[in-house]
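The structure appears right after this line, and notes come after that.
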Amino acid sequence: MSAVAPAPSGTTLPPHLTLLYRGPLASCDYDCPYCPFAKRRDGPETLRADRAALERFTDWVAGQEAEHPGTRFSVLFTPWGEGLVRSWYRRAITRLSHLPHVDRVAIQTNLSGRAGWLADCDLSTAALWTTYHPGQVSHERFLAKARELAGMGVRFSVGVVGEPEHLEAARRMRADLPGEVYLWVNASEGRTYTDAEAAEWQALDPHFHYSRRPHPSRGLPCRTGDSVLSVDGDGNVRRCHFVDTPLGNLYDGSFAPRLGPRACPLTSCDCHIGYVHLESLDLYDVFRGGVVERIPAGPVTTLPLV
């Protein structure tokens with residue numbers, strides 16, 4: 001177990017802290033042409049570094065029960081590649097799910113790996129943010145995995161990228177998924193949707209209008225940098241994945257004195273893991289209790305197109 005330095009004396013953390021963690025892992029078993037993430041096969045050295053970094057991060061979160069007993073945590077793993085095919089991600093989620101000061105731990109995944117390991121998790125804490133990629137996996141295979149998760153009692157959402165060629169596959173998946181499973185749609189990066197096109201996607205995901213266009217954000221209050229942080233494999237802390245300005249390091253505690261409310265410095269925000277934290281939107285109410293895993297608080301009903 002790695003040694004973790006305590007935060008500087010006198011520093012405090014907020015009552016709840018959400019950490020978006022992304023380590024060196026970049027390899028994926030899928031090669032989606034619309035994905036902005038670089039796809040490559042990681043070598044042994046990178047995989048060893050990713051494993052060590054993840055274990056160090058997990059140790060740090062575990063140690064906060066003693067260091068900051070008043071703070072509760074949620075963790076979302078957002079790897080460039082596919083994490084759940086790596087045993088260390090499965091172990092990290094299992095371990096974190098059993099920590100009494102962790103409210104939620106989730107990971108973005110294509111669901112290509114096995115699901116049986118989730119039986120060892122505390123399923124009141126562990127959750128999955130899954131994405132269905134037509135063309136990379138058959139309808140039947142993905143649906144079988146989703147039904148397995150539902151049968152196990154796992155909290156999960158299912159998403160699709162709003163490419164025109166995916167519309168019929170998304171409709172079929174929505175029809176066959178258990179009714180309580182939320183299917184979300186991400187607007188394809190750089191694509192402009194006509195009202196008619198958007199209406200087709202909103203019929204599947206009544207919250208699609210949040211994804212349809214980038215959200216103006218410059219100067220607006222955002223929870224990132226205060227109660228939400230981005231952490232990389234070296235422990236460098238930033239307010240979110242999209243703002244490069246460092247706040248310090250997780251492991252030497254230098255980030256803690258720099259936490260606090262601040263306005264967004266960017267012109268706009270067009271990714272859910274960013275704009276969900278904008279205080280100008282109502283998404284913390286929409287996803288109350290499920291912000292990390294992207295699950296709405298109540299029954300999903302059709303909303304007006306905007």
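Just so it is clear, none of the values below were taken in a lab; they were calculated from the coordinates. Quick caveat: nothing in here was measured; it's all calculated off a predicted structure. Cβ sites come from the backbone with ideal geometry, for glycine too, and all protein chains shown count toward neighbours.
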| said: Taking the beta-carbon count within 10 Å as an exposure proxy, list Val185, Val237 from fewest neighbours to most. | reply: Val237, Val185
| query | In a Debye calculation with equal point scatterers on the alpha-carbon sites of the stretch 158-245 and no solvent, what is log10 I(q)/I(0) at q = 0.17 Å⁻¹? | reply | -0.84
| Modelled FRET efficiency - R0 41 Å, Glu189 with Ala66, Cβ distances, 0.05 increments | 0.45
| query | Once every DSSP H run of n ≥ 4 in the chain is given -39500 (n - 2.57) and the sum is divided by its residues, what mean residue ellipticity at 222 nm do you get, rounded to the nearest 500 deg cm²/dmol? | reply | -7500 deg cm²/dmol
| query | What does the charge count near Arg262 come to, summing +1 for each Lys or Arg and -1 for each Asp or Glu among other residues with Cβ under 13 Å from its Cβ? | reply | +3
| said: With +1 assigned to the C-beta of every Lys and Arg and -1 to the C-beta of every Asp and Glu, and no other charges, what is the dipole magnitude of the chain about the Cα centre in debye, to the nearest 20? | reply: 260
| task | Kindly express, to the nearest 10 degrees and within the range 0 to 90, the angle between helix 167-176's C-alpha long axis and the longest C-alpha principal axis of the chain. | result | 80
| request: Working from Cα positions, state the angle (0 to 90°, nearest 10) between the long axis of helix 87-97 and the longest principal axis of the chain. | output: 80
| Under a point spin-label approximation (7 Å from Cα along Cα-to-Cβ), what is the Ala203-Arg147 distance to one decimal in nm? | 2.5
| field | Shape of the stretch 16-286, Cα gyration tensor, a/c cut at 1.5 | value | oblate
